[in-house]
Amino acid sequence: MGFLLESLKASIHLIVTWDPAFSHAVWTSLYVSAWSIVFASLLGIPAGLAVGLTEFSLKRPVITMLNSLMAVPTVLIGLLVYGFVSRQGPFGGLGLLFTPAAIIVGDALLAAPIVANLALSSVRGSNTAILPTAMTLGGSRFQSVLKLLSEIRFGMMAAVISGFGRVVSEVGVAMMLGGNIFGYTRTMTTAIALETSKGEFAFGIALGLILMAVALAVNIVFQFLQRR
């Protein structure tokens, strides 16, 4: 018990003093997670809307595939992207491997199915009369979809937040595509794994507390927007 208390005290000291190695891991995580969820939303929200608002013969298999992709292991995404951006891959000339950009690509692909599925669920749970009513009142198809989005905006926000929670806490993609390079691609999760294996338990606790604080802050903002 004394070991845990001492580690907790040391972790609080790291947070208060904002150690450079500690702070860089935090900012790298927030940077790659923010950009990842932006790109995941640009992919996932239109995909969820398209599947939810249109009828086609393969709709059920597509929904099943989206559900399956939600559970895809992070290391599998990392392996797939690694094959494309490695020196022997088709995009090897871009020099993306072991850069924050590679992590962003992998995390965006990881979060996109989550965002798409939750966006699809929001569409399917919405009032089906919104679109035809808006079009009857003279709105175009695009304007009608915008009206639908305004009605299900909280579901869309929940989709984005869920995707963000997925990418900010994952390890496999960041480790495989970023390489855990100190001062460059080391994120909170990869730093926790590395420092804990080195016996730096307090460092891991400090980063874990920051992860929890980020999750809490995101949910507080979401609840605030719901009340507004």
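The values are calculated or read from the model by the stated rules, or taken from the named source; none is laboratory data. Keep in mind it's a predicted model, so treat the numbers as computed, not measured. No Cβ is skipped: glycine too gets one built from the backbone with ideal geometry, and neighbour counts run over all protein chains shown.
Of note:
- Taking the conditions (1) in a helix (DSSP H, G or I); (2) of a type in the set (Val, Ile, Thr); (3) in contact with a helix residue (DSSP H, G or I) (Cβ under 7 Å, 6 or more places away or on another chain) in turn, Ile220 satisfies each one other than (3).
- Selection of first residues in region 175-197 that are under 10 Å from Leu207 (Cβ atoms) and of second residues that are modelled with pLDDT of 90 or more and among the hydroxyl-bearing types (Ser, Thr, Tyr), restricted to Cβ pairs under 6 Å at least 6 apart or on distinct chains, gives the following pairs, ordered by first then second residue: Thr187/Thr28; Thr187/Ser29; Met188/Ser29.
- Some residue of region 130-141 being small (Gly, Ala, Ser) and modelled with pLDDT of 85 or more: no
- Filtered residues of region 76-119 (kept if surrounded by 15 or more Cβ atoms within 10 Å (Cβ to Cβ) and either over 21 Å from the mean Cα position of the chain (by Cα) or at pLDDT below 90 (or both)): Ser86, Gly89, Phe91
- Among the residues of region 50-58, not a single one is under 16 Å from the mean Cα position of the chain (by Cα), surrounded by 15 or more Cβ atoms within 10 Å (Cβ to Cβ), β-branched (Val, Ile, Thr) and assigned to a helix (DSSP H, G or I).
- Residues (touching a residue at least 60 places away in the same chain (Cβ under 8 Å) and either among the aromatic types (Phe, Trp, Tyr) or assigned to a loop (DSSP other than H, G, I, E, B) (or both)) located in region 64-85: Pro73, Tyr82
- Beta carbons closer than 6 Å, at least 6 apart along the sequence or on distinct chains, pair a first residue in region 200-228 that is closer than 18 Å to Thr187 by Cα and in contact (Cβ under 8 Å) with a residue 12 or more places away in the chain with a second that is of a type in the set (A, V, I, L, M) and surrounded by 17 or more Cβ atoms within 10 Å (Cβ to Cβ) for Gly204/Ile192; Ala206/Leu14; Ala206/Ile15; Leu207/Met188; Leu207/Ala191; Leu207/Ile192; Ile210/Val26; Leu211/Met188.
A quick yes/no check of all residues on (1) surrounded by 23 or more Cβ atoms within 10 Å (Cβ to Cβ); (2) basic (Lys, Arg); (3) under 30 Å from Ala129 (Cα atoms):
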site: Gly155; (1), (2), (3): no, no, yes
site: Ile161; (1), (2), (3): no, no, yes
site: Val171; (1), (2), (3): no, no, no
site: Arg186; (1), (2), (3): no, yes, no
site: Thr190; (1), (2), (3): yes, no, no
site: Leu194; (1), (2), (3): no, no, no
site: Ser197; (1), (2), (3): no, no, no
site: Phe201; (1), (2), (3): no, no, no
site: Met212; (1), (2), (3): no, no, no
